[in-house]
1. Taking residue 112 as meeting all but one of (1) in a loop (DSSP other than H, G, I, E, B); (2) small (Gly, Ala, Ser); (3) touching a Leu at 6+ places or on another chain (Cβ under 6 Å), write down the number of the exception.
2. Of the residues 90, 94, 50, 46, which is assigned to a loop (DSSP other than H, G, I, E, B), small (Gly, Ala, Ser) and touching a helix residue (DSSP H, G or I) at 6+ places or on another chain (Cβ under 8 Å)?
3. So, residue 189, is that one out of contact with any strand residue (DSSP E or B) (no Cβ under 6 Å at 6 or more places or on another chain) and not in a helix (DSSP H, G or I) or not?
4. For the structure I just gave you, tell me whether residue 138 is free of Cβ contacts under 8 Å to residues at least 24 places away in the same chain, assigned to a helix (DSSP H, G or I) and among the polar types (S, T, N, Q).
5. Please pick out the residue among 58, 40, 44 that is touching a Gly at 6+ places or on another chain (Cβ under 7 Å) and over 30 Å from residue 14 (Cβ atoms).
Amino acid sequence: MSSSVQHSLLATATRRRSLLLCGPAASVLYGVMIWLIRYPGYDPISQTVSELSAWEVPTRTLWVWLGLLWSALMAAFAAGVWQSGSRRQSLRVSAILLAAYVLAGLAYPFASMHTREVLAAGGATGADTAHLIIVSVTSALMMAAMISAAVALDLWFRLYTTATILLLIGFGVLTAGDAPAVQANLPTPWAGLWERVNIMTTLAWVVVLALLLIRPATQRKKGLGDSRARRGKH
């Protein structure tokens with residue numbers, strides 16, 4: 001293999017690894033966002049994540065800007081998954097679904113929910129309805145991306161993804177069950193916890209997928225480096 005080809009392969013592997021690492025970075029960022037961002041009186045155990053970006057709450061601006069950064073990182077991760085799927089079509093389908101997931105999420109700032117007090121007073125608007133629709137769409141896109149990625153990879157990852165989806169469905173049902181109480185401004189002692197467990201499960205899946213796809217790239221890069229070292233000895 002010529003030196004120029006080796007250099008090109010190493011550069012490609014490095015670029016793909018950098019894109020894939022954006023997935024774990026996005027997960028860490030979002031994990032910090034959902035646990036550390038709050039305003040006076042906000043309780044992460046009993047209140048939903050969407051209430052951090054509700055209209056007129058103090059944390060809305062910070063959340064929107066950090067959300068844009070998260071979207072950029074996830075878009076880069078989707079590109080890395082695409083590059084990893086040159087010989088696995090379902091992995092490229094997963095990359096497309098992840099990109100669609102990111103694009104759909106960009107609508108959140110324009111379709112934020114209102115505070116519980118406003119909802120209970122009958123102040124809901126089309127933005128609140130759009131918010132619920134976007135939540136449903138993004139959830140479906142992420143699950144579809146998980147399934148597509150699982151088809152392309154090892155059996156253990158398929159089992160892990162299956163367990164992940166079951167957890168998402170279970171905690172999603174619990175979260176949805178609290179929705180009427182949120183709209184009526186009634187107590188929801190565990191709504192925030194259910195939703196955060198759901199989110200953390202998704203974030204963990206992104207990290208696992210990224211590490212799984214990085215590993216072969218790292219091994220190939222090491223192999224190319226060893227090959228160049230051996231050629232230099234002769």
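Bear in mind these aren't lab numbers, they're just calculated from the coordinates by the rules spelled out. Every value quoted in this text rests on a predicted model; they were computed, and no experiment measured them. For neighbour counting, all protein chains shown are included, and Cβ atoms are generated from backbone atoms with ideal geometry for every residue, glycine included.
1. Just one mismatch for residue 112, condition (3).
2. Numbers: 90 fails: assigned to a loop (DSSP other than H, G, I, E, B); 94 fails: assigned to a loop (DSSP other than H, G, I, E, B); 50 fails: assigned to a loop (DSSP other than H, G, I, E, B).
Matching residue, one of 90, 94, 50, 46: 46.
3. Details: out of contact with any strand residue (DSSP E or B) (no Cβ under 6 Å at 6 or more places or on another chain): yes; not in a helix (DSSP H, G or I): yes.
Yes; evaluated as a whole, the condition is true for this residue.
4. Values: free of Cβ contacts under 8 Å to residues at least 24 places away in the same chain: no; assigned to a helix (DSSP H, G or I): yes; among the polar types (S, T, N, Q): yes.
Answer is no for this residue.
5. Values: 58 fails: touching a Gly at 6+ places or on another chain (Cβ under 7 Å); 40 fails: touching a Gly at 6+ places or on another chain (Cβ under 7 Å).
Every option except 44 fails the conditions.
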